[in-house]
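Inspection log for the structure reproduced underneath, given as structure tokens.
The values are calculated or read from the model by the stated rules, or taken from the named source; none is laboratory data. Remember, it's a predicted structure, so these values are computed and weren't measured experimentally. Here the Cβ positions follow ideal geometry from the backbone for every residue, glycine too, while neighbour counts run over all protein chains shown.
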């Protein structure tokens, strides 16, 4: 874990082996993990400014969540030479489930009880109880409320 003081972890949280929590040093936590949350093996979470995972969220193996990405706007420069984008906050709502291999892009909010299908790439906000899948992820259903 990079910068463990930048992480706030609730009670009864399970973080499985090989998960990578990559946080920038800050006065306040850049990554908040709520009570009863499960983070699977090889999950990768980047929190430069703000990633909030609310209570009782299920994050499967190999999920990638980040509040920033590599910049690529200048075609005259290599991607690695352009640095990183400005961080945009990510929020994962209470009781959500993110399937294996899914990617949550910067600036995304997953609503309460949302489900993200395996290997989906989430590029737009997901509402409460919506089920999304695909690349890019799109709504394929809704959980009963």
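Mind checking which pairs have a first residue in the stretch 16-32 that is surrounded by fewer than 12 Cβ atoms within 10 Å (Cβ to Cβ) and a second that is modelled with pLDDT under 95 and not in a strand (DSSP E or B), Cβ under 9 Å, 6 or more apart or different chains? Going by the 9 Å Cβ cut-off, the qualifying pairs are 25/3; 25/5; 25/6; 28/6. Is it fair to say residue 73 is more than 21 Å from residue 139 (Cβ to Cβ), part of a loop (DSSP other than H, G, I, E, B), free of Cβ contacts under 8 Å to residues at least 12 places away in the same chain and more than 13 Å from the chain's Cα centre (by Cα)? Yes, satisfied.
Residue by residue, here is whether (1) more than 17 Å from residue 105 (Cβ to Cβ); (2) assigned to a loop (DSSP other than H, G, I, E, B); (3) in contact with a strand residue (DSSP E or B) (Cβ under 6 Å, 6 or more places away or on another chain) holds:
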| position | (1), (2), (3) |
| --- | --- |
| 8 | yes, no, yes |
| 12 | yes, yes, no |
| 29 | yes, yes, yes |
| 42 | yes, yes, no |
| 61 | yes, yes, no |
| 81 | yes, no, no |
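Filtering the stretch 102-123 for residues that are surrounded by fewer than 20 Cβ atoms within 10 Å (Cβ to Cβ), at pLDDT 95 or above, out of contact with any strand residue (DSSP E or B) (no Cβ under 9 Å at 6 or more places or on another chain) and over 22 Å from residue 142 (Cβ atoms) leaves an empty set. Sub-9 Å Cβ pairs linking a first residue in the stretch 127-140 that is on the phi > 0 side of the Ramachandran plot and modelled with pLDDT of 95 or more to a second residue that is part of a strand (DSSP E or B) and surrounded by 14 or more Cβ atoms within 10 Å (Cβ to Cβ), at least 6 apart or interchain, are 129/115; 129/142; 134/121, ordered by first then second residue.
Here is a yes/no grid of residues against (1) modelled with pLDDT of 95 or more; (2) over 11 Å from the mean Cα position of the chain (by Cα); (3) surrounded by fewer than 17 Cβ atoms within 10 Å (Cβ to Cβ); (4) over 23 Å from residue 25 (Cα atoms):
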residue: 39; (1), (2), (3), (4): yes, no, no, no
residue: 44; (1), (2), (3), (4): yes, no, yes, no
residue: 51; (1), (2), (3), (4): yes, no, no, no
residue: 56; (1), (2), (3), (4): yes, yes, no, yes
residue: 68; (1), (2), (3), (4): yes, no, no, no
